[in-house]
Amino acid sequence: MRATASVRSLPLTPPSVRLPEGLGAVRRLQRGEPLLTQGMPAPGLFVVRSGLLFESSDSPEGRWLLHDLLAPGDLSGTLPPDRCSATVRAAGPAQVRMLDPWCLDELFARRPALGIALLRALQRRADDAGRRACELTWYAVPQRVILRLLDLARRHGRPVPGGVRIEITVTQEQLAAMVGAARETVNRALVRLIARGLVRFEGRRFVIMDAATGALPWSVPAP
């Protein structure tokens with residue numbers, strides 16, 4: 001079944017985790033600096049305050065899989081005593097607010113509504129991870145590209161004439177690492193998608209066109 005909703009009519013759901021000042025420790029990162037390292041002891045959760053971070057995993061063969069681009073309002077991390085399942089590294093100057101277990105205990109005791117909001121954000125991330133695993137298994141590269149761009153548009157998008165512009169810069173190399181394909185394969189897929197009027201560029205930013213909803217591998221419900 002084909003989708004009938006336009007991209008602009010889909011519910012844009014920007015990250016909504018907003019912590020009160022004074023809760024958690026602020027950490028400042030420089031470009032390339034790791035916040036979490038795959039396999040190391042987990043320090044807790046964090047919320048991005050500013051900047052952009054890469055959340056990725058490396059295979060034993062050295063292949064890079066980019067799980068997500070984390071922008072302001074995004075929540076991620078791993079709770080002790082588990083070890084980090086991914087590496088999180090700053091794409092440029094960034095700030096995050098760290099939430100260790102003691103801080104989370106205080107949060108649930110004094111601000112239970114905010115604690116529930118954090119749990120819901122974690123549940124959304126778990127759901128997203130499961131959906132992305134299905135995408136990597138079930139769909140061809142052009143479909144995976146559209147789905148990942150639509151996901152970024154929902155979270156970090158702004159309506160523009162004809163579609164939604166992703167307000168963070170995503171390179172073809174990063175997009176390839178997100179969809180588990182070679183950069184050259186993603187480039188060819190983008191050329192075809194642009195020719196079909198599903199994607200365009202504004203400067204260095206992607207715009208997902210309204211027609212893209214009809215190209216998705218499943219129906220997208222209207223809000």
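The values are calculated or read from the model by the stated rules, or taken from the named source; none is laboratory data. Treat the numbers as computed from the prediction; the structure is a model and nothing was measured. Cβ placement follows ideal geometry from the backbone for every residue including glycine, while neighbour counts extend to all protein chains displayed. The area values use the complete protein model at the heavy-atom level, side chains included, leaving out ligands, DNA and RNA. Shrake-Rupley method; radii C 1.70, N 1.55, O 1.52, S 1.80 Å.
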Using modelled backbone amide H atoms (1.01 Å from N, in-plane), which distant-in-sequence or interchain residues come within less than 5 Å of PHE206's amide H? ILE166, VAL170
Taking the Cα-to-Cβ direction at ARG83 and at GLN172 and moving 7 Å from each Cα, how far apart do the two end points lie in nm? 3.7
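Which GluC sites (Glu not before Pro) does segment 136-215 hold that lie in a coil by DSSP with at most 13 other beta carbons within 10 Å?
Listed in order of number, the matching sites amount to none.
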Can you give the relative contact order of the chain as a percent, counting alpha carbon pairs under 8 Å and 6+ residues apart? 28
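Per DSSP H run of n ≥ 4, the term is -39500 (n - 2.57); total these for the chain, divide by its residue number, and report the mean residue ellipticity at 222 nm rounded to 500 deg cm²/dmol.
Only helices count here, giving -11000 deg cm²/dmol.
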Using unit Cβ charges (K, R positive; D, E negative) and no other charged atoms, how large, in debye to the nearest 20, is the dipole of the chain about its Cα centre? 660
Take the solvent-accessible surface of the protein heavy atoms, probe 1.4 Å, and return the percent of it on the chain that carbon and sulfur atoms account for. 54
Compute the orientation-averaged projected area for the chain from the convex hull of its Cα atoms and round it to one decimal in nm². 12.9
With r defined as the distance between the Cβ atoms of ASP105 and GLU202 and R0 fixed at 41 Å, what FRET efficiency is calculated, to the nearest 0.05? 0.35
How much length would be gained if the chain were fully extended between ARG31 and ARG183, taking 0.36 nm per residue of separation minus their Cα-Cα distance, in nm to one decimal? 52.4 nm
